[in-house]
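The values are calculated or read from the model by the stated rules, or taken from the named source; none is laboratory data. Only a predicted model underlies this, so the values are computations on that prediction, with no experimental measurement involved. Positions of Cβ are backbone-derived with ideal geometry, glycine not excepted, and every protein chain shown enters the neighbour counts. All accessible areas refer to the heavy atoms of the entire protein, side chains included, with ligands and DNA or RNA removed. Shrake-Rupley method; radii C 1.70, N 1.55, O 1.52, S 1.80 Å.
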Protein chains: 4
Amino acid sequence: MYSFRNDYSDGAHPEILKAIIESNDIQTEGYGEDQFTAEAADLIKKKTGSDDIDIHFLAGGTLTNQTVISAFLRPHEAVISAGTGHIYVHETGAIESTGHKVLPVDSKNGKLTPLQIDEVVTEHHFEHMVKPALVYISQPTEIGTLYSKDELTALRNYCSSHNLILYIDGARMASALASEAADLYLPDYRLLSDAFYIGGTKCGALFGEALVICNDSLKKDFRYHMKQKGALLAKGRMLGVQFLSLFAGNLYHKIGSLANTAAGKLQEEILALGYDVQFHSHTNQIFPVFPEQVIAELEENYLFYRWAKESGDNSVIRLVCSWSTKDKFIDEFVDNLKRITQRQQH
Amino acid sequence: MYSFRNDYSDGAHPEILKAIIESNDIQTEGYGEDQFTAEAADLIKKKTGSDDIDIHFLAGGTLTNQTVISAFLRPHEAVISAGTGHIYVHETGAIESTGHKVLPVDSKNGKLTPLQIDEVVTEHHFEHMVKPALVYISQPTEIGTLYSKDELTALRNYCSSHNLILYIDGARMASALASEAADLYLPDYRLLSDAFYIGGTKCGALFGEALVICNDSLKKDFRYHMKQKGALLAKGRMLGVQFLSLFAGNLYHKIGSLANTAAGKLQEEILALGYDVQFHSHTNQIFPVFPEQVIAELEENYLFYRWAKESGDNSVIRLVCSWSTKDKFIDEFVDNLKRITQRQQH
Amino acid sequence: MYSFRNDYSDGAHPEILKAIIESNDIQTEGYGEDQFTAEAADLIKKKTGSDDIDIHFLAGGTLTNQTVISAFLRPHEAVISAGTGHIYVHETGAIESTGHKVLPVDSKNGKLTPLQIDEVVTEHHFEHMVKPALVYISQPTEIGTLYSKDELTALRNYCSSHNLILYIDGARMASALASEAADLYLPDYRLLSDAFYIGGTKCGALFGEALVICNDSLKKDFRYHMKQKGALLAKGRMLGVQFLSLFAGNLYHKIGSLANTAAGKLQEEILALGYDVQFHSHTNQIFPVFPEQVIAELEENYLFYRWAKESGDNSVIRLVCSWSTKDKFIDEFVDNLKRITQRQQH
Amino acid sequence: MYSFRNDYSDGAHPEILKAIIESNDIQTEGYGEDQFTAEAADLIKKKTGSDDIDIHFLAGGTLTNQTVISAFLRPHEAVISAGTGHIYVHETGAIESTGHKVLPVDSKNGKLTPLQIDEVVTEHHFEHMVKPALVYISQPTEIGTLYSKDELTALRNYCSSHNLILYIDGARMASALASEAADLYLPDYRLLSDAFYIGGTKCGALFGEALVICNDSLKKDFRYHMKQKGALLAKGRMLGVQFLSLFAGNLYHKIGSLANTAAGKLQEEILALGYDVQFHSHTNQIFPVFPEQVIAELEENYLFYRWAKESGDNSVIRLVCSWSTKDKFIDEFVDNLKRITQRQQH
């Protein structure tokens, strides 16, 4: 059964796999002190337009979020996140396990605004409450929406003037960067955040995320935190080799573009068949609305997540595409949906 | 410069790499719920002689130790470890970061005895002190020695009668299993411990450790702990595929055997040249004793760690071999050492 | 300026102070192993109708909540609390600081229902989310409401059938027990919870809370947890002496009754003057609704907290009474309010 | 049976009790924001010779150590302590429970030297090990010895030049200050440490310690940490009132002096009877060496701790005096010992 469940169902993009194979016999230092990792870090510095940033490679998103947040905060400090934020909902309390409260903010579209953050900051005014110190956002968000440059700049300004760290979870950063709706590029993320990560796991790598620390005051001793959290891979080269492959040419952008294009095509075809979408997506996740019976029949041939109940008999499902979602999978799905639709209409 | 620093300088064993390549295009579920992982777990169950164990795959040793110990203990409980134990010395306080004290025991040879443990248990007799609850040992130990079956059985008996969990760090388990001195096999580790892990990272894999939980009372909800610690890899298949490759045939044993044979040959040749070793090793790490001048000259062509000062001008160095340490590297090193030795004698 | 801000503005009730003075010259063991503490525990056992409970005395509410919750839960387990719960809002992340997420439930009246809890339990269905394991409620709640016997029984039944610990924060338990609306007595709390505490600090003591652990499986090693959290007072006798005084006769009930009566009288008089209350309180906290101008004038002579904005120009304030709130303070306040009211009406 | 077990067997010094009684009816703000606490803080500032320090009052030693250390350190940082240090041995892993490793140093006399600290610092040189960041010492030490001004200055200089925080646990500071051997006074502790605490619990108070933070960079948000650790007492006035009483006149010094004088007299008499002491003590704890049979007979009438085995049949016991150890208790003990001694000699 073909799966639209997520963007980590396959192995690595062939070019990445090739890089792993080619480097396999070369001896290197361990723990990220190898030449591949150094070169990958240099490339990312170049592409973000500054040498004055620190790059670290970690093996997964939860590990990255947990290491970053516990390294950046003092014990009484808390994180502000959308209530839909990955750290709030789907990391089994990883942040709290390091001692920090996550303060959820109701958000219809997965995004935060300065106004919403300000409410939380204002409410937490004295030592009987935690002290908000870091704002966590995702780009794209967990529900596929994108911050525009104006929106991110507004957050940046608010955070700067209120002494808050702004941290961006870029698990699907390739999709954000390659989106037709994008007006933010790598150098912007550097300029507009204190730290962000460039996701590999959901963007064609076997695993791995590239953390970029932009704010000088947050850089010190970060490798200690990585080691303490189990995030310093012995064969750290595996991360270097993969990101080298992603950023030596334009593979990272291409992977995002392939995923977005596949999702965009799928969305268009679904709309053309007369169905609705929860919102018009410009990333690699789309959220069509189908009657229950249609969903049930689709489930006979496809794997995907049910997302939310809609009015009446309708529900939203999530379909995720990746670099590996070939045209024929889209075509087959659409054919399938056409047949179901026709049957329903009789 | 050739490196004898450690057994994670290379990529993966070719057979493992092949398995990764062959499985790359197959879609699977994430987070270790794929068919490869299931099959690898079944194989390990078969090789340890029981279905009644839980197998989990994690991405590294520190992550495994930290997840295991924090999952098994209540907040006031502590770990007993040799003072040379990896968790005590070289994990940046990963165990303490989860709230648990590690009680170090002085040990000449890296091993613990029931008598030593009993001293600690007896000393910690009331609620003003932590309560020892888990004994951590490594097989082989951090300094290359091996527990015999009698020694491990004695520990097991002591722990059982004193309500202590016995946990074995098997980062280099392939070397232990394949050692000419071994009288312990996989089923023994299952019978004689509450949990142990079979290391992949230092035994030919790109990364990965297979945790075996033998004690029923420690099994519950373990995947929650993994997720919370960032140890649930999205493409968990990467761990399954590798361990499947290691255990489908006898590759794991072969990898240990290659490493031990290389180290054994190196040790013999060094002894033949009239040098001493700190102790006669039967695993893939050897500890020759050289005069300072010899070490300095070796360092011109080789990478390795200085281990300890000896009497006079002598020091111990550590040389680590792996499955990839070809004969020619041994031969070249020995030739090098011969030349240095001759020069010194003039 | 007289303060209606809280019930811990004064020193101790005179009878408690007397007991402290009388016992001052007697040598005792430290850390709660003295005769006073033993006797106080026995008395509480008697009054709750069972010997089969464990009693511990701790120096404050936050310390008690934190020690209890971190002792009872495993790392991945979480707490369900009303969004107004003290642990969620006003303990500076004390629970999260021990690694546990607190899951807030929207509650209009400060109370939880099985239905609300069930929603949270149902939503948290797999290892990518924390596992709800303990339900935290307060009696009276943080906003002065009371659980009835039926309500508490329903919670108990739900928790029992869903393997959840039910823990009651009784910081103002004296007020709950002495309320005219009460249909729950000490033995009921024992039967209907896994653990609860009988507050001293807000009920006439200098400080101190008596924790009652009812569920056998939660009793083991609790003093270790107390010591680790800094909750084992060297002169533990101070807690024993005070609770002995509170429970030897009916002082605890009397203290609750005095506070409730004062608050009840104040509420009646305010209603009689034509003002509204947010809800009709039966405990020692009342929540009258006043126009902004009235509040401003009251603030010239009294200390109290503004609680919430109401419709139009009105706000809710909180007035707290205690055993020490003499009739004359009530009378003066009412006179004051009368004068302000008359001025406003001109 | 009279107890020489410790210096917290009695209630409060009568003058402190009097202050508590006298202030009992006065309403105050909670959580240490009352007038008594403010006045006590001012007094301590005056006596330490600076306004530029922060004073906080906490309810016990473990709570103070835990709050201080977790507030001052980042997650990967560790504490250096004598192996006999209270935090290392007798606080049930309170420091580790906040995530920080305590690195023990072997010490014959309970004291640390720059040389010993330097060994630990030098050994911990990279990110695979914790980073030593705070040196914990006690004055007097847990075994009754005293740092001289020269010794403390040497530590101060070492710590300053190696970026280490120097923190002094002054649980028995009254005894240190009043010792005939003392050459350190309150202003010296301020100048020579980053933070220290002035113990109340073991120096005549019912409970309470006064923390002095001298280093500006460690002051920020400390009350948040106190609240989070359950160390912000609702009736914080209790701490203010007691320390006001201790420092308004010279009561604190007097309490230390009474305890030292009693212990000194006891030590002299024991020496006069021909027994040895482990070392000549100048504080309120003495460590006489007795044959086993003498100890057994003393135990029939007195409570005290056995401390260590000596050569042959001898053991060291610990006798602790306090401000409440009247002459007659000393005389009786000495008479008792004389009789036992005579019986033994027959």
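Brief remarks on what is shown
- Considering only the protein assembly as shown, percent of DSSP beta bridges that pair antiparallel, nearest 5: 55
- Acute angle (nearest 10 degrees) that the helix C:61-72 long axis makes with the longest principal axis of chain C, alpha-carbon atoms: 30
- Across the protein chains, with a 1.4 Å probe defining accessible surface, the residues D:Ser315, A:Ser257 rank A:Ser257, D:Ser315 from largest area downward.
- Set B:Lys131/C:Lys219; A:Lys227/B:Lys108; D:Lys18/D:Lys235 screened for pairs whose C-alpha atoms are more than 19 Å apart: A:Lys227/B:Lys108
- Put a dot 7 Å past the Cα of B:His280, heading toward its Cβ, do the same for D:Ala154, and the two dots end up 4.7 nm apart.
- For chain D, built as a Gaussian network whose Cα springs stay under 10 Å, the top-fluctuating residue of D:His56, D:His253, D:His128: D:His128
- Sorted from nearest, the other copies put their D:Asn301 label points 6.6, 8.1, 9.9 nm away, the label point being 7 Å from Cα in the direction of Cβ.
- Residue of C:Tyr252, C:Tyr31, C:Tyr197 that the Gaussian network model of chain C assigns the largest fluctuation, springs spanning Cα pairs under 10 Å: C:Tyr31
- Angle in degrees between helix A:237-248 and the longest Cα principal axis of chain A, rounded to the nearest 10: 70
- Fully extended contour minus Cα-Cα distance, from D:Ala248 to D:Ala181, at 0.36 nm per residue: 21.7 nm
- Net +/- balance of residues flanking A:Ala262 in space, Cβ distance below 9 Å, scoring K and R +1, D and E -1: +1
- Distance between the stretch B:327-344 and the stretch B:1-63 - C-alpha centres, whole angstrom: 37
- Shortest-first nm distances, C:Leu115 label point to equivalent points in other copies (7 Å, Cα→Cβ): 3.2, 6.9, 7.5
- Beta bridges per DSSP with both ends in the stretch A:125-257, % antiparallel, nearest 5: 40
- Among beta bridges from DSSP that stay inside the stretch D:14-249, the antiparallel ones total about 40%.
- Across the identical copies, how the B:Ser148 labels are spaced - nm, sorted shortest first, 7 Å along Cα→Cβ: 5.4, 7.5, 7.7
- Cα-projected label distance for C:Asn215 with C:Glu268, points at 7 Å along beta-carbon direction, nm: 4.2
- Modelled FRET efficiency - R0 41 Å, C:His346 with D:Gln27, Cβ distances, 0.05 increments: 0.80
- Spin-label pair D:Asp42/C:Lys326, simplified geometry with 7 Å Cα→Cβ offset, distance in nm: 2.8
- Relative to the Cα centre, the charge distribution of the stretch C:14-249, modelled as +1 at Lys and Arg Cβ and -1 at Asp and Glu Cβ, gives a dipole magnitude of about 240 debye.
- Positive-end residue, chain C charge dipole about Cα centroid, Cβ charges, pick of C:Val79, C:Tyr252, C:Leu43: C:Leu43
- Cross-link pairs A:Lys47/A:Lys220; A:Lys47/A:Lys149; C:Lys326/D:Lys202; A:Lys220/D:Lys47 - those with Cα-Cα distance over 27 Å: C:Lys326/D:Lys202; A:Lys220/D:Lys47
- Placing unit charges on the Cβ atoms only, positive for Lys and Arg and negative for Asp and Glu, gives the stretch C:191-249 a dipole magnitude near 280 debye about its Cα centre.
- Computed over chain D, the per-residue total of -39500 (n - 2.57) for DSSP H runs of n ≥ 4 gives a 222 nm mean residue ellipticity of -12500 deg cm²/dmol, rounded to 500.
- Legend: mean number of C-beta atoms from other chains within 10 angstrom of residue C-beta atoms, peptide C:70-79, equals 6.
- Taking the Cα centre of the protein assembly as shown as reference, the dipole from Cβ charges on Lys and Arg (+1) and Asp and Glu (-1) amounts to some 0 debye.
- Closest approach to the D/C rotation axis among chain D Cβ atoms, residue and whole-Å value: D:Ala59, 3
- Burial ranking of peptide ranges B:135-141, B:159-165 (average Cβ count within 10 Å, highest at the top): B:135-141, B:159-165
- Positive-end residue, the stretch D:133-217 charge dipole about Cα centroid, Cβ charges, pick of D:Ser148, D:Met173, D:Thr201: D:Thr201
- For chain B, the longest principal axis of the Cα atoms and the long axis of helix B:114-123 meet at an angle of about 60 degrees.
- Legend: mean number of C-beta atoms from other chains within 10 angstrom of residue C-beta atoms, peptide A:95-107, equals 6.
- Straight-line reach from C:Lys46: taking Cα to Cα under 14 Å and skipping same-chain neighbours fewer than 8 places apart, the aspartates and glutamates in range are C:Asp54, C:Asp188.
- Inter-chain shielding of B:7-14 (mean C-beta neighbours from other protein chains, 10 Å cut-off): 6
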